[in-house]
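Single-structure report; data block below.
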Amino acid sequence: MATSAPPIPTHSSVRGIKKVQPLHPDTGHSFLWHKLHSLSGLIPIGAFLIEHILSNIEALGGPAAYGHQVRLLNSLPQVRVLEWTFIFIPLAFHATYGLWIALRGRATVNVYPWAGNWGYLTQRITGLIAFAYIIQHVWRQRFSGVMLPEHPGAAFAKVQHELHNPWMLALYIVAMIATCWHFSYGIWLFAAKWGITPGNRARKRFGQLCAAFGTVLCILGLASIYAFVGNPKFANAPADAFAPPAITQPAPAPPPPNSTNPSQPGIVQ
Amino acid sequence: MPSTIHVEILRQSTPDDAARTERFAIPYRPNMNITSVLGEIALNPITADGAPTTPITYDSNCLEEICGSCAMLINGRARMACSTLVDTLQKEHPDKPIRLAPLSKFPVVRDLAVDRAVLFENLKVVKAWVPIDGTYDLGPGPRQFPQTQEARYPLSNCISCTICMEVCPQFNDQTNFVGAATIAQARLFNMDPAGSVLKQDRLRALAGDGGIQECGFAQNCVEACPKLLPLAESISITGRDAMLQQLKDLFTR
């Protein structure tokens, strides 16, 4: 028909924005992956974060107490299987899928500076901080240097040496705050998106609860960092808290004057 | 208040033209809205430099925030031209020109008019209607409890203005997120005693790619919605329903 309007192009090249496509009903598996991403953040990763921070609190008791905690965790049955199944694999999935989610969003706080919008952006920023931090943390503390599963007594010294670098200390503090924020806001998001707290009041109250929980978790985490660097009692911790004490030779006494045989002091021949 | 309002409008003649900015100086009257500003320009389409131009093209119909046509970016924010008052904008940014631009996430047709077909496609995909064929008299519909009516009424206020989609950080060409309006309408018709016959279809559709799972709960939709729809609540409840449907399908379908 001559009177019909030309079709609207699928994208406006001038403004560089492609048209948003309509919903694809019943196609793809992104629903499942999103739900797994959301769930994995709480169980097992969030549960592990709580366990990790509570274990680190043992460091307040010194190198031996911390070493005992590391030995206890490494004596769990099939600990390597548990470690990969409930920590590394879910964490790798949550991190990579989360990175993909973050890269597809368009932050708009410059135009719409609202609390929820800031929360959206902060969840992505804290996630990226945690992503970068955890890669170096797992590599440097778990897979390189002294192997802690075999030498649990060396745990305190290993962390203390790491935090001796002020840049590392700053990174640990920032990452602790970011991770606790990401986890506690993630619990709130989970409850909101899974329909556990649909009402405005329920979401607000649960938000306060999550904020309190995150604050407590963060304080515990920062206290454990303090245990490694701030307590003068445990400064310069032994390389291995469980190593048998080295045999110390008494210093040889100086030979008396007029001694002819320094190896037999006191006997004048 | 100044006697003249300065307006900067981002214009383009065709969908593929380069965008350009035109400036206008309009005599101020009390209680003007953006619609009346655009009306003044149409009466006397001459730019601030004195060059003759064409009236601004934009979608509008009711002029009282009920048809949903005139959503645009006003000082960078998605708002309705009819219910945004010049006095409010002058208080927001005193002595600055008012900037008008088309919504940024929809293809421009001309000037401030954009193609918002994606919302209507989405409403069709989730079957946002009550299925009655209309070939014969079906008699009265099933009764609704007043509580259901009261819960549904705010959702029925949606004017399809697409502001909730424009302000959403997740609504973009990467995620192809369905947007809050469609989810709220799916819930509205899921709650209808007759419309709930299609509930499973709607929930399955919303679990497809670009579905409800893409929501990042920034809640900009709630803040920006001119009709104050309970959008976050709708996404929360519909998200739960969609997941329960998927679980049920996993074991029974």
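The values are calculated or read from the model by the stated rules, or taken from the named source; none is laboratory data. Values in this document were obtained by computation on a predicted structure and should not be read as measured data. So basically every Cβ, Gly included, is an ideal-geometry build from the backbone, and we count neighbours across all protein chains shown.
Worth pointing out:
- Just one of the listed residues (A:N200, A:N236) is on the phi > 0 side of the Ramachandran plot, touching a helix residue (DSSP H, G or I) at 6+ places or on another chain (Cβ under 9 Å) and either charged (D, E, K, R) or modelled with pLDDT of 85 or more (or both), namely A:N236.
- B:K127 being among the charged types (D, E, K, R) and not in a helix (DSSP H, G or I): yes
- Some residue of segment A:120-141 being hydrophobic (A, V, I, L, M, F, W, C), within 11 Å of another protein chain (Cβ to nearest Cβ) and part of a helix (DSSP H, G or I): yes
- The listed residue being surrounded by 16 or more Cβ atoms within 10 Å (Cβ to Cβ), at pLDDT 95 or above and within 19 Å of the chain's Cα centre (by Cα), out of A:I219, A:I135, A:I225: A:I225
- Single match in B:E223, B:E233, B:E150 (criterion: within 10 Å of chain A (Cβ to nearest Cβ), surrounded by fewer than 19 Cβ atoms within 10 Å (Cβ to Cβ), under 29 Å from B:A78 (Cβ atoms) and free of Cβ contacts under 8 Å to residues at least 60 places away in the same chain): B:E223
- The listed residue being surrounded by 19 or more Cβ atoms within 10 Å (Cβ to Cβ), away from every other protein chain (no Cβ under 14 Å) and out of contact with any Lys or Arg (no Cβ under 7 Å at 6 or more places or on another chain), out of A:N74, A:N56: A:N56
- Residue selected from segment B:23-68 under the condition in a loop (DSSP other than H, G, I, E, B) and of a type in the set (A, V, I, L, M), by the criterion farthest from B:M80 (Cα to Cα): B:A51
- Condition met for B:P15 (assigned to a loop (DSSP other than H, G, I, E, B), in contact (Cβ under 8 Å) with a residue 60 or more places away in the chain and under 30 Å from A:K18 (Cβ atoms)): yes
- Checklist (1) of a type outside the set (F, W, Y); (2) in contact with a helix residue (DSSP H, G or I) (Cβ under 6 Å, 6 or more places away or on another chain); (3) under 16 Å from B:A113 (Cβ atoms); (4) modelled with pLDDT of 95 or more applied to B:L63, failing item: (4)
- Residue match in segment B:182-199 (condition: in the same structural domain as B:E233 (by TED's automatic domain parsing), closer than 13 Å to B:S236 by Cα, touching a Gly at 6+ places or on another chain (Cβ under 9 Å) and in contact (Cβ under 8 Å) with a residue 40 or more places away in the chain): yes
Residue by residue, here is whether (1) within 14 Å of chain A (Cβ to nearest Cβ); (2) part of a helix (DSSP H, G or I) holds:
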residue: B:S83; (1), (2): no, no
residue: B:T88; (1), (2): no, yes
residue: B:K96; (1), (2): no, no
residue: B:F106; (1), (2): yes, no
residue: B:F120; (1), (2): yes, yes
residue: B:L123; (1), (2): yes, yes
residue: B:G139; (1), (2): no, no
